[in-house]
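These notes are about the structure you will find just below.
The values are calculated or read from the model by the stated rules, or taken from the named source; none is laboratory data. Since this is a predicted model, take the numbers as computed values, not measurements. Positions of Cβ are backbone-derived with ideal geometry, glycine not excepted, and every protein chain shown enters the neighbour counts. Surface accessibility is based on the protein's heavy atoms, side chains included, excluding ligands, DNA and RNA. Shrake-Rupley method; radii C 1.70, N 1.55, O 1.52, S 1.80 Å.
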Amino acid sequence: MFIIPIRSDRRLAHAVWVNHLLIFANIAFFIAQIVGQSRQVNPWFNSLILTPVQPHWYQFFTYQFLHQSWDHVILNMLFLYVFGDSLEDRLGPIGYMCFYLAGGVVAGVGHCAVGSTAPVLGASGAVSAVTGAYLVLFPFSYLTFTLFFLRQFEVASYVVVLFSFARDLFYQLAGQSGVAYMAHVSGNVFGFVIAMGLLVTRLVPREPYDLLTFVGRWRRRRQRRVLHDGSDAPAVSAGAELRNMTVQMKEQVAHVRSAVEQALRERDAVASVEAYEELLDLDPQQVLTRQEQLDVANDAMERGRYATAARAYELFLATFAGDPFADQVQLILGLIYAKYLDNPRRARPLLTAAAESLTDPRRRQQAREMLEQLE
C-alpha cells in the first residue's frame, strides 16, 4: 500500500455523514471480527460471508462489511472516503445509502453469476459502484495521491477509474484467482449505468462538467465543425454557404443565450453555468446584461468553476469598465487567479488596482495581503 489516495479537489456543497457512517461501520465490523477470532466465534462471522455455492439473501448485504485484513479494510475505506463524499453530496444521504448497498448487492450477484465457488467478503464491490458513478458525475475532478507518504501528485479521476476497471476486467478474463475481480467489474458497471440514468432523467441535477454534458458539448462542437467545413452540405455558392452558416450560428447563439437568461431567472445555478459555458463555446465574446453577467460569474464561482468564472468576470470588466462594482470584481478576479488558477502574473495588476480603489478597509486589506503572498 505504497500509493494511496488522500483527497479529491471537488468542493462539497453540503455536509455529508452517511459516507462517514459507512466507513465507521466497516471499521467497527472488522474490529468485531478480530475480537470474534480471539473468542472463537468465527462460525458466526463465517455465516455472514457471501458463499456462491449456497448463498443466503442476507449475505449479499453482510459480506460488504467484512474484510480479510487491516490493509484490505484500510485501502477500501480510503477510496470510499475520497470518492464517496462527493457522491453523497450529489445523491443526498438516503439516495447515497441506497445506491451504496445496491452496488454491493449487484457486485455480489456478479461474483456468483460467473460460476465462482470462492466465498467473497469486503466493501470493494460497493466501492467500485461508487467509483463507477464518480466517473459519470465528476470525470474531470483531480485526485491527490501520496507515494510512500513522501511525495504527492494529482491524477484525473477518469484515469484512475478507467485504469482500475481495465485492470479488473483483464484479470477476470485472464482467470486470475484470489480476488473477486468480477465483483469489482459488476460494481463499476452498475455505478456507471445508474449515474447515467439519473442524469438522463434529471433525477440528479446536471453540472457543467459531468460526463453527459461533456459528450453533449463534444457533439455540438463536432456539428459546428461540420457546419464551418461544409463537408456534409450540398454544393452551394461560397456566399450562400457563408450566409447560411452565419444565420445558423446566430440562431444557436440566441437559443443558448435565452437558456442562460431563463436559468438565471429561475435561480438554477447549475443550469446557468452549463448554458453559459455552451454560449462561450459558440462565441467567446458573448456578454450578457450587466446584472446577468455578474450573476452567472458568481454562480460559476460558487460552483467551483473558476476558469468559467474568471472568463465571465473578465468580460464584465471589459464591457462595464466604469461600473461601481468594478473594484470588487477586480478583487474577486485577482483572488481567483492567485488561489485557484495559478496565474500570479494576471492576479497582481488586478489586486493592485483593487487595493487602490476599494473603499472597504477589510477588502482593501485582503487585496494587500494576497499581493504580499504573491511576492
**Asked** In the range 101-134, what residues are assigned to a loop (DSSP other than H, G, I, E, B) and either touching a Lys or Arg at 6+ places or on another chain (Cβ under 8 Å) or closer than 24 Å to I74 by Cβ (or both)?
**Response** A118, P119, L121, G122, A123
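Which residues, taken from the range 39-95, are assigned to a loop (DSSP other than H, G, I, E, B) and of a type in the set (S, T, N, Q)? Steps first, please.
If we filter the range 39-95 for residues that are assigned to a loop (DSSP other than H, G, I, E, B), which is where we start, we get 39-41, 47-49, 51-58, 66-69, 92.
Hits for the range 39-95 are Q40, S47, T51, Q54, Q68, S69.
May I ask you to say which residue of S128, S116, S141, S124 is touching a Pro at 6+ places or on another chain (Cβ under 6 Å) and not acidic (D, E)?
S116
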**Item:** Long-range neighbours under 6 Å by Cβ, at least six apart or interchain, first residue farther than 15 Å from H20 by Cβ within the range 85-106, second aromatic (F, W, Y) and open to solvent by 30 Å² or more (accessible area, probe 1.4 Å)
**Value:** G103/F190; V105/F60; V106/F190
**Request:** Please report, ordered by residue number, the helices (runs of 4 or more DSSP H) entirely within the range 257-326 with at least 3 residues that are more than 21 Å from H14 (Cβ to Cβ) and either modelled with pLDDT of 90 or more or touching a Phe, Trp or Tyr at 6+ places or on another chain (Cβ under 7 Å) (or both).
**Result:** 290-302, 306-319
**Message:** Looking at the range 82-133 only, could you name the residues that are touching a strand residue (DSSP E or B) at 6+ places or on another chain (Cβ under 8 Å) and open to solvent by 50 Å² or more (accessible area, probe 1.4 Å)?
**Reply:** P119
**Request:** Considering every residue within the range 3-18, establish whether at least one is modelled with pLDDT of 85 or more, open to solvent by 70 Å² or more (accessible area, probe 1.4 Å), more than 30 Å from A300 (Cβ to Cβ) and among the aliphatic types (A, V, I, L, M).
**Result:** no
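Yes or no, residue by residue, for (1) in a loop (DSSP other than H, G, I, E, B); (2) open to solvent by 40 Å² or more (accessible area, probe 1.4 Å):
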position	(1), (2)
F153	no, yes
V160	no, no
G178	yes, yes
F192	no, yes
